[in-house]
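Below is one structure; the comments refer to it alone.
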There are 2 protein chains.
Amino acid sequence: MLKLYSFGPAANSMKPLLTLYEKGLEFEKNRLDPAKFEHHTDWFKAINPRGQVPVLVDGEHVITESTVICEYLEDEYPTAISLRPATSAGKAAMRVWTKWVDEYFCWCVSTIGWHRYVGNMVKALSDAEFEEKVKAIPILEQQVKWRRAREGFPQDMLEEDMRKIAVSLKRLDDHLCAHEWLVPGQYTLADICNFAIANGMQLGFPEFASAQKTPGLVRWIEQIKARPAVQQMFAKVELEKLGPRD
Amino acid sequence: MLKLYSFGPAANSMKPLLTLYEKGLEFEKNRLDPAKFEHHTDWFKAINPRGQVPVLVDGEHVITESTVICEYLEDEYPTAISLRPATSAGKAAMRVWTKWVDEYFCWCVSTIGWHRYVGNMVKALSDAEFEEKVKAIPILEQQVKWRRAREGFPQDMLEEDMRKIAVSLKRLDDHLCAHEWLVPGQYTLADICNFAIANGMQLGFPEFASAQKTPGLVRWIEQIKARPAVQQMFAKVELEKLGPRD
């Protein structure tokens, strides 16, 4: 059976979860706890040496990178529900949106998410405990991110990434005011991968996202949340409790 | 006929050029001059509102983003030469490498490339001429990059991106010391997209890349340069003359 290693249904971990539920595929859930740094443990790094979730294990194959996992599921498990357009031009339109979320939108949201929530996870640790945790992280950029979560992100980085979030939400809204889905005519991995990052924006960033300010975006978020597969996912897979905002 | 709008055979413009030559597809070459900011002219922004090359026009379809163009060519024009693995796991392995070059490797190389070469293109302009050029750039981050090319990149950014280049070349070399191609067993878009950024590293970054320091990387670069399609591309499509290094 397919095995998924992930956090709860948010951000990158939500992408393969949504794809699996949408396609109705059975899979073994292996839930890691970010607060315990479980993705940096030796047992998990034996599966993904980069110490990152999500990971899909399909027999002998270990598939990494959330967007690539979604594409793999679509390639390897064709189902009645297809999450990729049939035409080459449609596929390209989908990929432009999944590339954009991976290169631009997810990074600015990640900085602010870490600033607001991840700091609380590590501030209770002693310096020695924290250094021990950081030593186990295989990617230097991730080590830097954990340190910044503990010590504080530079103010100019926070401001720049808030600006990019505003740009991102406007770009989505402009498109979604004119189109039902990101690729016109079909719910695809472009919607799944962008929804995984955009869900909850009205709560986290009400200055940028609301029914008044971004009607297309909010309509699209609600429309995705009403899908049976999405409701099933949220009912069956619990979200992390991130604690109070910093 | 397919129409490609691009700069010369380097960086992102090289990706579709290599794919077109490798697949033996006929196409109309539309060469833009970056020194004249031709990609920010109104006629070109009517084709790609983001003012970026490369762009592929195929009848009514306008395909943007270099890696996506390569995927589109593979989807729409299946040829005897296939540049994508047949298995789902092989496709995923390819996408991990094309995702990585787009998210990590190309950005650090881009900063240093702009620092070394692009500054010369804009330093001769008057302030008024330069502001006029910047006003025509649709993406704010690109405006910032042109300003930095003129005024100088922050030293900590240059140092951080040099560090990332060293990390990138080591990652490629570690893999290429053990494997002929990035996806074992087949020359794919992973090789094309990474070669487009890695070509010439021994000249530009001899402190990180050489036959002694990165034997796998240099062997792979030479092996790609020896391919008939690659030789044909370099013979038929002239490189930009970037002038002396800054």
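Summary table below
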quantity	calculated
Test set (1) within 14 Å of another protein chain (Cβ to nearest Cβ); (2) farther than 24 Å from B:V230 by Cβ; (3) part of a helix (DSSP H, G or I); (4) not basic (K, R) - B:H39 fails condition number	(1)
Hits in region A:195-218 - residues which are polar (S, T, N, Q), in contact (Cβ under 8 Å) with a residue 24 or more places away in the chain and out of contact with any Cys (no Cβ under 9 Å at 6 or more places or on another chain)	A:N199
Residue selected from region B:96-151 under the condition among the aromatic types (F, W, Y) and within 19 Å of the chain's Cα centre (by Cα), by the criterion farthest from A:E71 (Cα to Cα)	B:Y117
Positions within region B:82-96 being more than 10 Å from every other protein chain (Cβ to nearest Cβ) and either of a type in the set (F, W, Y) or touching an Asp or Glu at 6+ places or on another chain (Cβ under 8 Å) (or both), in sequence order	B:S82, B:L83, B:R84
Exclusive hit being part of a strand (DSSP E or B) and without any contact (Cβ under 8 Å) to a residue 40 or more places away in the chain, set B:V68, B:V62, B:V57	B:V62
Residues (surrounded by 16 or more Cβ atoms within 10 Å (Cβ to Cβ), touching a residue at least 60 places away in the same chain (Cβ under 8 Å) and under 19 Å from B:E65 (Cβ atoms)) located in region B:29-49	B:P34, B:H40, B:K45
A:K236 being among the charged types (D, E, K, R), closer than 25 Å to A:A35 by Cα and out of contact with any Lys or Arg (no Cβ under 9 Å at 6 or more places or on another chain)	no
Single match in A:L18, A:L73 (criterion: in contact (Cβ under 8 Å) with a residue 40 or more places away in the chain, away from chain B (no Cβ under 14 Å), touching a helix residue (DSSP H, G or I) at 6+ places or on another chain (Cβ under 6 Å) and crowded, with 20+ Cβ neighbours inside 10 Å)	A:L18
Residue among B:W107, B:W114, B:W146, B:W100 that alone is aromatic (F, W, Y), farther than 20 Å from B:I197 by Cβ and in a helix (DSSP H, G or I)	B:W146
So A:I137, is it in a loop (DSSP other than H, G, I, E, B) and surrounded by 15 or more Cβ atoms within 10 Å (Cβ to Cβ)	yes
Hits in region A:206-236 - residues which are buried (at least 19 other Cβ atoms within 10 Å of the Cβ), part of a loop (DSSP other than H, G, I, E, B) and of a type in the set (A, V, I, L, M, F, W, C)	A:F208, A:A209
Qualifying residues in region B:97-116 (those that are surrounded by 19 or more Cβ atoms within 10 Å (Cβ to Cβ) and of a type in the set (S, T, N, Q)) - the one farthest from the other protein chains (Cβ to nearest Cβ)	B:T111
Residues within region B:50-70 that are within 14 Å of chain A (Cβ to nearest Cβ), of a type outside the set (S, T, N, Q) and crowded, with 22+ Cβ neighbours inside 10 Å, tallied	8
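Each reported figure results from applying straightforward, stated rules to the coordinates on display, with no laboratory input. Values in this document were obtained by computation on a predicted structure and should not be read as measured data. No Cβ is skipped: glycine too gets one built from the backbone with ideal geometry, and neighbour counts run over all protein chains shown.
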